[in-house]
Amino acid sequence: MKATGGELGWLTWPLDQGDKTLNGSQLYTYSVCNVGEREQDNWLRTTFIQRRPSASRVFVELKFIVRDCNSFDGTSLTCKETFNLFTSESDADVGTTFRKGQFKKVDTIAPDEITSKNEMHINTETRVVENLSRKGFYLAFQDIGACIALLSVRVYYKTCSATVQSLASFPETVAGSENQALREVSGQCVENADSEELPRIYCTVDGEWVVPVGQCQCKPGYEEVNDSCQECQAGFFKSAASADKCEPCPANTQRLESRALFCPCMEGFYRAPADPLSGPCSGLPSAPKDLVATTSAGKLLLSWSPPEDNGGRTDITYSIECQCCDGSVCQSCSEKIRYDPANVGLTDTKVSVSDLDAHINYTFTVEAHSGVSLFINQITTMRLVERTSSSLSLSWDVSPRPRVQSSPIRYELTYRKKVRHTLLEKNFVQISDLVPGTAYLFRVQALSSDSSPGGSSMEEQFETLNEGTEQKPQGKNCMCFDINFQMGFCIFLSRKRNSHTRQGPEDTYFSSSEQLKPLKTYVDPHTYEDPNTAIMKFATEIHPSHVTKEKVIGAGEFGEVYRGILKVPGRKEAAVAIKTLKPGYMEKQRQDFLSEASIMGQFTHQNIIRLEGVVTKFKHAMIVTEYMENGALDRYLRDHDGEFPSFQLVGMMRGISAGMKYLSDMSYVHRDLAARNILVNNNLECKVSDFGLSRVLEDEPEGTYTTSGGKIPIRWTAPEAIAYRKFTSASDVWSFGIVMWEVMAFGERPYWDMSNHEVMKAINEAFRLPAPMDCPSAVYQLMLQCWLQDRAKRPRFGDIVNLLDKLLRSPDSLKTIADFDPRVSIRLPSTSGSDGSPFRSVSEWLESIKMSQYSENFSCAGVVTMDQVLQMKNEDIKNIGVRLPGHLKRIAYSILGLKDQTSTLSVFAV
Ligand code: AMP
C-alpha cells in the first residue's frame, strides 16, 4: 500500500463503504470511522494471494492507526478500538464473490498505542497463518465500529537461502511450521566430492541453517579449493576421499596427467604387497658381487658382497642354486648337497656347502631378492584352452616369466564343498568330471617357495558345454606357451549356478571327485595367530581402483555401506555392496571388521550373501559382497505390507532356512539371526548376512546388556542363550522362529512395544508370540516348535527345510489359518486400563493402544461401548475405515486380548 499510489483491487463490503484515502498523496490507506453508528460490520478483503507450494506458514505484518474512542464525544458506547484479521483458503481466484462464512478468524488486532486528537501513533502487529495447503488464500479485515486506518499489509514467508557448507550444497528451503520446527534438508556433495553419510542440515522456523551432518570430501584424485573440488595436477595424486591435499608422486613412479589416484611404478620398479600405494616404488636388486669360494675341512665356503644397488629396499635376501654339468647337460644339484644355514632366505652374505662329491664340476649361482621380487610373480591372464561337457583345460601367464627356481617348492592341496583347492606345478590344468552346461569360477594364485601366497591372484569364470554340443574352442592354437619352470599354483574351483540348470538344495555342493574330501567345518578366523593369514586364505584381494562407490545404502557398525560397481579387468561388471571401515580405526577394529569377510569367504551357498573380495592392502579397508537390490528383509516387508500371499512368504522362509542349514552343517552358529540381517535381491531371494564376530556382543543395535556384560538381541534370542550364553544351532532355530514371525507379520516388531524385561518374563512364563494375522496354521505350529523351551526338542534346520518344502509343494496346506490362542499367546501389554480394570470407554481403549485417530470412525459406525467393540470381526474393523494393515493388526490383536481377559481365567502354557 505504501508503494502503490493506485487501485489495489481490494474488495470492500458493504460495497464502496470502506474508504481509501490518499493522505497528502504520500500514504495510501484504507480507513473506516463509523463510530457513531451501531452494529458495524465492515469488511475489506485482499486480492487472491498465490502461495508457493512449500510455504505453508505465512506471516502477516499490519501497520495501522486506531483512534482513541474517548476522543469522540458521546460515542463511547458503540465505539471500538480493535478490528479482526480473517483468512480464507482457495484453489482459485473467486473474483468479487465474497462470503463471510468462508473466512476463519486469525486474531483480534488491538493497537499498542491509540491515536488521540493531537498525536498520531502507527502500530505494527504480526500474525502467523499456519497449515496453508491450497493454491492460495485471501486475507480480510473486519471492522465492528472502530476508527481505523490500515497503512500497510506485508505478507511473507521465511526461507533458508541456498548455501554450500562442508562441500555440500543445500537448496533454498522454505522454513517449516511450528509442528515441524526443524526441517531436515538433504544436500548434495559438490562436483567431485563424496560423503560417507548423506549430507544433511536443518532449516529452523526462523530461516536459519543449523546442525550440518555428514561432511563431503573431495574424491580420490581431487582436492578442496574454495568450496569446490579441483583435480590433482600432473605429478600429484590423492588415493582416497579425504580432506587432504594432493601429494607429489613418490620416487620411481610415473607422473600421470591429472586426477591421479596413485602414481604407478616406472618400468622396472615395483611395490611389494605390503607397500602402501602412496609410497615409492623400488627396483630389483642388482646381482651380488665378488662371489668367492674357499674350501676348509671338506666344506666349501661361499661368500659374496651385497649388490651394488639394493633397489631402494632393505629387505634383501639371497638364494643359492647349484648346477652340475656333464658335457652340455646340466641339472640342479641342490637336493643332493647340504647348505648351512640354508640355500634360500639368507640374510648373511655367506653359506657353507657340504656333501659334495669328488671330481664333479659344481656351478653355484647366488641371487639377491627383495620384497618386490616375490610380488612380481603375478598371474596376468588366464585362458580357456579346451572344454567338453565334463572338463575344462586352462592355462595362464605369470609375470615376469620365472627363472629356474632355486629350491624345490612344496605344494598344498585343500578342498571343500563347492570350493576346491588344488595345487599345481604348471600353468596349465585340465579338470574332469564336471557338470555339463555349468559355469565354474577359477582362481589362480602364485605361491612362493615357502607356500605362502605371493603376488596377486586372478579369478575367471568358464562354462562347460551343454551335453551333446562338444566342440573344440576357437583359440586352440593360443594354447600354453612352453612352460618348463616350476611354480606353485593354487586353483580354487567353485561352481556357479546357471539359470538354465535345475538344482536341488544339496546339488550346489561339489561332489564329483572321490579322492578329495570336503572340508566340512567352518574355521574361526581367530584360530589364526595372524588374522591377515585368515583373510588371505578365505578372501580374494581386490584392487581399490576396480571398485567404484556409487551411493550410501546403509550404515554398518564399522562405517557406511555403499552400492557400487566391481569391474575387474577381463570380468563382467557386477553390482556390489561395499562395506567400509570408518577412518580413524584401531588395528583391532580393522581386524574385527575384516573377520566378517574371513567368515563369509568360507561359505558358498545360494542363500548366504556372497563375498566378492576385500581391499586390505590400502588405507581404506573394504568388504565387497554381491548387491542385494531390495536391502534388509524387515524393512522390505514393512514397505510392502500385505502385498505377498502366504505362499511367497513361505518361499522366503524356505530360502533362509536352507542358508541356515548350510551354516549349521558347517558348525557355524550365527547368534544374530533376525529379519534385519537377511538381505533380499531382485528375485526376492533371501540371503543370510552379517557374520561379524564381535558384533553380537558389542555393537548390535538391538543388543541389550546382560548381567554378564555382553550384549544380546533379547527378542530374537533363545532363553538358554540369554541365561547362560548357550549359543548353538538350536538357539539359531529359536531365532529362525522369530524371523518366521517377522516375515508373516510383514516386518512387525516382535513383541511390539513390550520392554525387553516384559518379553523375558513372558517367555519364562511359557507364553509365546501369537500367530500373525492370516498366518497359515502349519507355519505357526512350526514357529511354536522353534520356541520350545527344551532346545533338544526343537526341529533342526534340515527338518525345517523339509517341512517348508512340503508346504510349498502342496499349497492347500497353507489354507487353514491359525487362530489366536489365548492359552499360549502373549497378551499385548495394553489390553486393559493401567490399573488392570476394564476400559470405561472406546476412546480410552483406543488411546491406550495409541489408535485415537480412529475414535471418530468407531463413533460414526455406532460402536460406542466396549461390548460392541468385543463383537467386532476383522472385516468390521476394515469396514469402519481402518485401512492400514499395521493399524488393523494392532486393533484386532487388542480386541482378541480383551476377549481373552473377559472370558476365562484358565490360562495354559505350552
Ligand atoms: P550390515 O552392516 O551388514 O548390517 O549392513 C547395514 C545395511 O546396509 C543393511 O541393513 C542393508 O540395508 C545394507 N546392506 C548391507 N549389505 C548389503 C548388500 N549386500 N546389498 C544391499 N544392501 C546391503
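The values are calculated or read from the model by the stated rules, or taken from the named source; none is laboratory data. All figures in this text were calculated on a predicted structure; none of them were measured in a lab. Don't worry about glycine lacking a Cβ; one is built from the backbone with ideal geometry, like all the others, and counts go over all protein chains shown. Side chains are part of the model used for accessible areas, which takes the heavy atoms of the whole protein and leaves out ligands, DNA and RNA. Shrake-Rupley method; radii C 1.70, N 1.55, O 1.52, S 1.80 Å.
Close contacts from the range 201-214, counting a first residue that is farther than 17 Å from L167 by Cβ and a second that is among the polar types (S, T, N, Q), with Cβ to Cβ under 6 Å and a gap of 6+ residues or different chains, come to C203/T173; G207/T159; V210/T204.
Do we find that E596 is open to solvent by less than 30 Å² (accessible area, probe 1.4 Å), near the ligand (Cβ under 9 Å from one of its atoms) and either of a type in the set (S, T, N, Q) or not in a strand (DSSP E or B) (or both) in this structure? Yes: the conditions hold for E596.
Exactly one residue out of K588, K582 is at pLDDT below 95, away from the ligand (no atom under 14 Å from the Cβ) and among the basic types (K, R): that is K588.
Number of residues in the range 533-574 that are within 14 Å of the ligand (Cβ to nearest atom) and either modelled with pLDDT of 90 or more or part of a strand (DSSP E or B) (or both): the value is 16. Would the range 324-335 turn up any residue that is in a loop (DSSP other than H, G, I, E, B) and surrounded by 15 or more Cβ atoms within 10 Å (Cβ to Cβ)? The answer is yes; a qualifying residue exists.
Can you tell me which residue in the range 602-614 is farthest from the ligand (Cβ to nearest atom), limited to those that are part of a loop (DSSP other than H, G, I, E, B) and not hydroxyl-bearing (S, T, Y)?
Q602
In the range 631-651, the residues that are over 22 Å from L807 (Cα atoms) reach residues that are away from the ligand (no atom under 16 Å from the Cβ) and open to solvent by less than 30 Å² (accessible area, probe 1.4 Å) with C-beta atoms within less than 6 angstrom, at least six apart or across chains, in these pairs: D641/F746.
For K63, the stated conditions do not hold, so it cannot be described as open to solvent by 70 Å² or more (accessible area, probe 1.4 Å) and modelled with pLDDT of 90 or more. Here R654 clears all of (1) more than 15 Å from the ligand (Cβ to nearest atom); (2) buried (at least 23 other Cβ atoms within 10 Å of the Cβ); (3) at pLDDT 95 or above except the condition numbered (2). Each residue in the range 627-651 was checked for being within 14 Å of the ligand (Cβ to nearest atom) and crowded, with 17+ Cβ neighbours inside 10 Å, and 10 of them qualify. Go through the residues of the range 108-122 one by one and say whether even a single one is closer than 30 Å to W209 by Cβ and surrounded by 13 or more Cβ atoms within 10 Å (Cβ to Cβ). No - not one qualifying residue is present in the range 108-122.
K617 meets the conditions (1) more than 13 Å from the ligand (Cβ to nearest atom); (2) open to solvent by less than 10 Å² (accessible area, probe 1.4 Å) in every case but one. The failed one is (2). Selection over the range 137-146 of residues that are surrounded by fewer than 17 Cβ atoms within 10 Å (Cβ to Cβ) and either modelled with pLDDT of 95 or more or assigned to a strand (DSSP E or B) (or both) gives a count of 0. The set of residues in the range 224-250 that are exposed (fewer than 14 other Cβ atoms within 10 Å of the Cβ) and under 28 Å from R313 (Cα atoms) comprises A234, D244, K245, P248.
A count restricted to the range 608-628 and to residues that are modelled with pLDDT under 95 and either within 9 Å of L679 (Cα to Cα) or of a type in the set (S, T, Y) (or both) stands at 1.
Among the residues of the range 657-691, those that are in a helix (DSSP H, G or I), small (G, A, S) and within 16 Å of the ligand (Cβ to nearest atom) comprise G659, A675.
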